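The values are calculated or read from the model by the stated rules, or taken from the named source; none is laboratory data. Here the structure is a predicted model, which means the values were calculated and not measured. A quick note on method: Cβ atoms are made from the backbone with ideal geometry, for glycine too, and the neighbour counts reach across all protein chains shown.
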Amino acid sequence: MRVLLVEDDQHLAARIADVLRAERFAVDIASNGEDGQHLGDTEGYDAAVLDLGLPKVDGVSVLRNWRAHGRHLPVLILTARDGWSDKVEGFRAGADDYLTKPFRVEELVLRLRALVRRANGHAQTQLQCGPLKYDTQTGAFELDGYPLKLTALEWRILSCLMMRKSAVVERLDLLEHAYERNADVDSNSLEVMIARLRRKLGYDLIETTRGRGYRLVDKAS
């Protein structure tokens, strides 16, 4: 999963990014509304965390512009503005959730995971594909009832496939949701990650659609 964090407080942004990366999210940071709006318009994100009091372009304007241009990514407003009118303005602009400062970073993580799950059309917190189970609240995977150890990259790729199970996820889409914007990505890195996942999961769960991408399938069902 890849998150856009638009926050002008550099210390706070770094703290949030550290926690999200520890939870295996990929994170891109924008320190002003102009850069944040551009990234939201041009990059693929699973969700955005958006401050309101931003330099250059305020957060509400950023959000309105995203929605006006058909950007449907889930947006969580994170701000010190806790007045009712501020919340109404944020939700009317197209926010999906609203969290006021000060806050617990653990709550931010839980809210982001819930936003991504709902945006992918899942009402249940537990997802399953054959012997593979995914707890969307904790981010934990199990295979045949046993915890599955994954690197951050493997986790992001597998969670993306799991959220869209049975649908083909195109190669570029997977890359976009697995890597941060300035990551140095080798041309065959995705194939390497898929091969590693197949060794851990077994070779039947991830199916290759030639010329397009991959999908997660339960061939036993």
TODO: Of the conditions (1) crowded, with 17+ Cβ neighbours inside 10 Å; (2) of a type in the set (D, E, K, R); (3) over 19 Å from T136 (Cβ atoms), R117 clears all except one; give me its number.
DONE: (3)
Open item on the list: Criterion first (modelled with pLDDT of 90 or more, over 27 Å from L108 (Cα atoms) and not hydroxyl-bearing (S, T, Y)) does R164 satisfy it?
Closed with: no
TODO: Say whether the condition of being surrounded by 12 or more Cβ atoms within 10 Å (Cβ to Cβ), polar (S, T, N, Q) and within 15 Å of the chain's Cα centre (by Cα) is met by at least one residue in region 94-114.
DONE: no
Open item on the list: Let me confirm something: among D184, D173, which residue is farther than 25 Å from R118 by Cβ and at pLDDT below 95?
Closed with: D184
- [ ] Given the conditions (1) closer than 26 Å to S159 by Cα; (2) surrounded by fewer than 21 Cβ atoms within 10 Å (Cβ to Cβ); (3) among the small types (G, A, S), report the number of the one that A30 does not fulfil.
- [x] (2)
Task: First in region 187-209 and touching a residue at least 12 places away in the same chain (Cβ under 8 Å) and in the same structural domain as T151 (by TED's automatic domain parsing), second anywhere and in a helix (DSSP H, G or I) and of a type in the set (D, E), Cβ under 7 Å, 6 or more apart - done: M193/E154; R196/E154; L197/E154
Task: Spans of helices (runs of 4 or more DSSP H) in region 131-209 with at least 2 residues of a type in the set (K, R) - done: 189-201
- [ ] Give the residue that is surrounded by the most Cβ atoms within 10 Å (Cβ to Cβ), with candidates limited to residues of region 136-155 that are in contact with a strand residue (DSSP E or B) (Cβ under 6 Å, 6 or more places away or on another chain) and not aliphatic (A, V, I, L, M).
- [x] F141
